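Working notes, structure below.
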Amino acid sequence: MLYCNKLNLKRDKMLLSVFSIALALYIAFSCTYFASAAKSVREDVVRLHILANSNSEIDQEVKLKVRDALLETNASILSDSVTKENAKEHFESSKEILLKTAKKTLKENGFNYNVKITLQEEYFNTRSYGNLTFPAGQYTALKVVLGEGEGKNWWCVMFPPLCVPAATGAIT
């Protein structure tokens with residue numbers, strides 16, 4: 001009987017070892033896959049990040065008007081020839097058009113503060129919108145700072161063009 005208990009204990013230890021190794025391999029491969037997928041998402045998108053002048057109601061409202069104008073302009077200048085490989089160059093070369101659009105929108109709404117637009121790498125936290133999840137990390141962002149840029153921000157994915165549905169409420 002003692003011999004059987006030793007065999008069972010030995011067998012149980014071996015099964016536990018095999019299970020532990022299998023679990024460790026599964027976790028390692030899952031983490032590697034997730035890291036690779038997250039990196040791909042971060043490399044394939046350009047985010048729009050708008051900072052309002054302040055948190056006043058009127059500054060927040062004009063921020064959304066600037067957003068809408070920028071998205072409309074982007075839709076008209078974004079052609080089928082823009083791909084994930086050349087999207088950054090597209091936005092770099094379109095900054096002046098987008099800057100003029102933002103300034104015009106502010107002026108039409110009675111605001112005379114400055115607008116600054118840069119294309120830069122910026123850290124974003126993980127965000128989920130419906131079935132879309134954007135993992136935390138560094139993203140290329142078209143950053144728009146209105147006035148002092150001390151107000152609440154608004155962001156979306158400008159390329160591929162996911163902002164338009166988000167801005168109009170089509171994505172919930």
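The values are calculated or read from the model by the stated rules, or taken from the named source; none is laboratory data. Remember, predicted model here, so these are calculated numbers, not experimental data. Counting neighbours? That spans all protein chains shown, and the Cβs are built from the backbone with ideal geometry, glycine included. Quick note on the areas: whole protein, heavy atoms, side chains included, nothing else; ligands and nucleic acids left out. Shrake-Rupley method; radii C 1.70, N 1.55, O 1.52, S 1.80 Å.
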Solvent-accessible area per residue for segment 81-144 (1.4 angstrom probe, square angstrom): 60 Å²
FRET efficiency estimate (nearest 0.05) - Cβ-Cβ, residue 44 to residue 125, R0 30 angstrom: 0.95
Label zone at residue 153, where the point sits 7 Å out along the Cα-to-Cβ direction: segment 88-116 residues whose backbone N lies under 16 Å: 116
Residue 141 long-range amide H proximity, modeled H, under 5 Å: 47, 120, 121, 122
Model label zone, residue 96; criterion: amide N under 19 Å from point 7 Å along Cα-to-beta-carbon; scope segment 119-137: 119-120
Those residues of segment 90-126 whose amide nitrogen sits under 19 Å from the label point placed on residue 56, 7 Å along Cα→Cβ: 103-116
Ranked packing of 105-113, 134-142, 120-128, most packed first, by mean Cβ within 10 Å: 134-142, 105-113, 120-128
